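What follows is calculated from the coordinates using simple rules that are stated; it is not laboratory data. In this text, all values refer to a predicted model and were calculated from it rather than measured experimentally. Don't worry about glycine lacking a Cβ; one is built from the backbone with ideal geometry, like all the others, and counts go over all protein chains shown.
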Amino acid sequence: MTPEVFGFFDEATFTITYVARDPSSSKCAVIDSVLDFDYASGRTDTRSADAVIDFIREKGFEVEWLLESHVHADHLSAAPYIQEQLGGKIGIGSNIKVVQDTFGKVFNEGTEFQRDGSQFDALFEDGDSLHIGQLRVDILHTPGHTPACMTYIAGDAAFVGDTLFMPDFGTARCDFPGGSAETLYQSIQRILALPDATRIFVGHDYKAPGRDEFAWETTVAEQRAFNVHVGAGKPAGEFVSMRTQRDSTLAMPRLIIPSLQVNMRAGKMPPAEDNGQTYLKVPVNGL
């Protein structure tokens, strides 16, 4: 089956939110939604999510799933807001529990913060599947960028999150806690083993030097042949060396501190304190 796929690009975080529709019905899924956040003021905004919601309502689609490819470190998820407006179940990989345990300690969340993934409606294992209407979605566990990264394969479309970027930009960083360049290489090989014509939808695009436009759709064949980090049969050792060296030069994402605290809670803010105000912590020298 060939799902209809619609991409919504958020230039502030270079994130693409996808709406994937079952071609035989009005059922759809929203993948990797964005809640706008101004770090300087601490204010949230729903304009990016509202654009997705308005589109879905205009088309008459029905949301069955709100899927997260992983716990994002560069933007806040709008999944609870979209769920409130349109329904659907929020799902993520089961290794969210590993991420929650790691960052629950970093942010000193205490025993009241549940580290069992119960904030989400569904936790997926490698090899699981779900349905969007009649459209079957197979789920691959593709860790390396984070322990909980999942790839969602819906018919001829694969939503790979941050595992792969466009061929001229390469692959995801692996230097976050629980990341591994060796593991990422093996995960990418699983994606590259899909049929050549499989459409690859990436989670971000940073417009590689020399390219004029943002882009987020490619194919397995193009990735296998031309990806600047893993294409043309690049061996694992060469990739790991390159990725490790490159990651050592990268700064932390601008929104990593608020993003992790919110996204490990399925897009919900930390509970309000006794004055009724919600706070996000900054662990000084903690990352």
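Computed from label points 7 Å out along Cα-Cβ, the spacing between SER129 and GLU222 is 2.8 nm.
Placing +1 on each Lys and Arg Cβ and -1 on each Asp and Glu Cβ, with no other charges, gives the chain a dipole about its Cα centre of roughly 420 debye. Each principal axis of the range 4-256 carries a Cα extent, and these read 47, 46, 37 Å when sorted largest first.
Partners of LYS234 within straight-line reach, counting lysines whose Cα lies under 22 Å from its Cα and excluding those fewer than 8 residues away in the same chain: none found. Each residue of the range 267-273 is assigned a 3J(HN,Hα), and the resulting list reads x, 8, 6, x, x, 5, 7 Hz, derived from the Karplus form 6.51 cos²θ - 1.76 cosθ + 1.60 (θ = phi - 60°), x at Gly and Pro. Ranking ALA29, ALA40, GLY133 by Cα position along the charge dipole of the chain, where only Lys, Arg, Asp and Glu carry charges on their C-beta atoms, puts ALA40 farthest toward the positive end. For the range 17-69, applying the loop criterion from DSSP together with a ceiling of 14 other beta carbons within 10 Å to the chymotrypsin sites (Phe, Trp or Tyr not before Pro) yields TYR39. Spread over its residues, the convex hull of the C-alpha atoms of the range 129-202 is 81 Å³ per residue. The alpha-carbon atoms of the range 148-287 define a convex hull whose volume equals 139 cubic angstrom per residue. When peptides 185-197, 214-226 are ranked by their average number of other Cβ atoms within 10 Å per residue, the highest-first order is 214-226, 185-197. Annotation: amide H of GLY144 within the under-5 Å range of CYS149, SER180, sequence separation 5 or more or interchain, hydrogens built in the peptide plane. The helix-based estimate of mean residue ellipticity at 222 nm for the chain, built from -39,500 (n - 2.57) per DSSP H run of four or more residues and divided by its residue count, is -7500 deg cm²/dmol to the nearest 500.
A simple packing score, the average count of other Cβ atoms within 10 Å per residue, orders the peptides 245-254, 5-14, 20-29 as 20-29, 5-14, 245-254, with the highest score first. Once backbone amide H atoms are built at 1.01 Å from N, LEU76 has LEU35 as its partners under 5 Å, excluding neighbours fewer than 5 places away on the same chain. Checking the cross-link pairs LYS89/LYS268; LYS97/LYS268; LYS59/LYS207 against a 25 Å limit on the alpha carbon distance flags LYS59/LYS207 as lying beyond it.
State the percent of C-alpha pairs, over all pairs in the range 3-112, separated by a distance greater than 18 angstrom. Summing the P(r) tail past 18 Å for the range 3-112 gives 53 percent.
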